[in-house]
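The values are calculated or read from the model by the stated rules, or taken from the named source; none is laboratory data. Because the structure is a prediction, the values reported are computed rather than measured. Cβ placement follows ideal geometry from the backbone for every residue including glycine, while neighbour counts extend to all protein chains displayed. Only protein heavy atoms, including side chains, enter the accessible area calculation; ligands, DNA and RNA are left aside. Shrake-Rupley method; radii C 1.70, N 1.55, O 1.52, S 1.80 Å.
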Amino acid sequence: QAFSLCVNSNVTFESALTIAGFAPDATTIRFAAGTYQLTGRLVILARPTTLLGGYNADCSVRKPIVNAAETVIDMAGGPLYLQQDQTSDNLVAIDGLSIINANAFRIYAGTFGEQGTIAISRTRISGIPASAGGGDLVAYGGGSITLDNVLIDKMASGMQIGNCAQEISLVEGGTLLVNNSTIDIAPNRQLCVHGAADTGEGYASFANSIVWSSVQTSEIRGIFMSTINMLNSTFPALNRNGAGGTTVASSQTSPQWVDAANGNYALQSSSPAVNSGTALVPGGLSATDILGHTRWLGSAPDRGAYESAFNDATQYSVITAADSGIGSLRDAITQANASSNPATITFNIPGNCPRTIALATTLPQITSPIIIDGRTQPGSSVNGDADTFDADLCVLLKPASGSLSYGFNVPTGATAGSLTVRGLGFGGFAQPVMLLGGANHVIAGNQFGGSVTGVPLPGATLSAISIGVNASGSLI
């Protein structure tokens, strides 16, 4: 039986770590929002262990917005080592925490021949000096390391290979995914990514991430890696050391942090990292950033752990369920196609949820970059269950009568077309979504067929989503 422990004081924190050291099953440690002091510690975790920040005082309810800055572990100059290598199911996961002022910070998952997993999200690791004893993430057994909306602030490693500032090691090969993360490399050092020394195996992907130095020039360095891919990321230099891989839509231009010297890694309005990420992130784009802000406010997600409020997309609001006219979905698509800027279409239709848009004819084809976000309709909620679809959909799209050939269509010749659709219910179309041309399409969090709150949605007579040979970079 899995263990769930509540931390709401320094005393309960100490107790939780002790219990996690001999727990017979997977353990989740929930932290009430606040600041906790911990002396230097090597923690041997008996079973897969997850640390979650952002709970209320008795850890019964997690806050709807998880902000890493609200739950802080202050090491006061001592080291923190987390090690989980007791079973074949080795996991150390951290979400919604800030870990500060440690003179060393290391996580080990797995052991030789036994796979380990490290998953860190919405977390800040900061205040670890250049003289620190280590700052390493190590996974064994062909396991994986994932950093998602993580800030690492000038952390320096004592286990140097060359000039490594931070070391991320896949000891027996495996996968490293670094998504929407910000890493400020210590002065005159490198971010080193290690694969298997004997086989040269190891796959790494950096997507929508910023790896930079606020002080001096630095680089990402691959060691014994087979592949390093850079997707819509910002970095000063990359030394693959013979590894393969591709670099797509990335840059070697300063990210223009607001005030890195004082720990502010938000982006300035002129930053080239603003609205320049990609929605097609390995493992999926997260819904929020490190502070719980909505990820992706403009024409594209920002790079790095922080999503800025700078929105370069023209916005149109659907305020009526009518088939046409001012404030209709048809009118919004028509205006978006005519605009020179990427467009976001939001919903605020009066009345109770759900609201049904009954179409007399097919909608205009999509010929420009358009985001259609049904989740903005009041009363909507996103899916929160890994096994079932439990979203509350408040915008439904159907023909007024009979059937129509499609709901949304990006035609073959629409080279500039890009369609993102979230949070809609479709019914009564031969093919609800047709992606025949364009690029970088995202269709996520929608329902095709069935019913919503008693409103029937007839299923597609052909395919719910059709992708043509001229469409590229689609995520379904």
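One line per residue, one yes/no per condition, for (1) under 30 Å from A273 (Cα atoms); (2) outside any loop (DSSP other than H, G, I, E, B); (3) among the polar types (S, T, N, Q); (4) open to solvent by 70 Å² or more (accessible area, probe 1.4 Å):
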| site | (1), (2), (3), (4) |
| --- | --- |
| S308 | yes, no, yes, no |
| G327 | no, no, no, no |
| I357 | no, yes, no, no |
| I372 | yes, yes, no, no |
| F389 | no, no, no, yes |
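Condition check for S299 on (1) at pLDDT 95 or above; (2) open to solvent by less than 40 Å² (accessible area, probe 1.4 Å): one failure, at (1).
Of everything in segment 183-214 that's outside any strand (DSSP E or B) and touching a residue at least 60 places away in the same chain (Cβ under 8 Å), which residue is surrounded by the fewest Cβ atoms within 10 Å (Cβ to Cβ)? Across segment 183-214, the extreme among qualifying residues is S214. Of the residues that sit in segment 166-182 and are modelled with pLDDT of 95 or more and open to solvent by less than 10 Å² (accessible area, probe 1.4 Å), which one is farthest from L137 (Cα to Cα)? Here the answer is N180. Scan segment 1-59 for residues that are in contact with a Ser or Thr (Cβ under 6 Å, 6 or more places away or on another chain) and part of a strand (DSSP E or B) and the total you get is 9.
Looking at S60, S121, just one residue is among the small types (G, A, S), modelled with pLDDT of 95 or more and open to solvent by 40 Å² or more (accessible area, probe 1.4 Å), and that residue is S60.
Reported count of residues in segment 107-123, each being over 21 Å from L291 (Cα atoms) and either in a loop (DSSP other than H, G, I, E, B) or of a type outside the set (A, V, I, L, M, F, W, C) (or both), is 9. Under the condition of being open to solvent by 60 Å² or more (accessible area, probe 1.4 Å) and β-branched (V, I, T), the residues counted in segment 447-473 number 4.
Of the candidates A20, A32, the single residue that is farther than 30 Å from T294 by Cβ, free of Cβ contacts under 8 Å to residues at least 40 places away in the same chain and surrounded by 19 or more Cβ atoms within 10 Å (Cβ to Cβ) is A20.
Here the condition is being part of a loop (DSSP other than H, G, I, E, B), hydroxyl-bearing (S, T, Y) and open to solvent by less than 30 Å² (accessible area, probe 1.4 Å); of S276, S269, it holds for S276 alone.
Of T361, T344, T415, all but one fail to be touching a residue at least 12 places away in the same chain (Cβ under 8 Å), in a loop (DSSP other than H, G, I, E, B) and farther than 20 Å from G449 by Cα; the exception is T415.
Can you find a residue that is under 22 Å from A139 (Cβ atoms), among the aliphatic types (A, V, I, L, M) and open to solvent by less than 10 Å² (accessible area, probe 1.4 Å) anywhere in segment 238-255? No, there is no match, as no residue in segment 238-255 is under 22 Å from A139 (Cβ atoms), among the aliphatic types (A, V, I, L, M) and open to solvent by less than 10 Å² (accessible area, probe 1.4 Å).
Could you list all residues from segment 66-84 that are modelled with pLDDT of 90 or more and outside any strand (DSSP E or B)? Once the filter is applied, which keeps residues that are modelled with pLDDT of 90 or more and outside any strand (DSSP E or B), segment 66-84 yields V66, N67, A68, A69, E70, M75.
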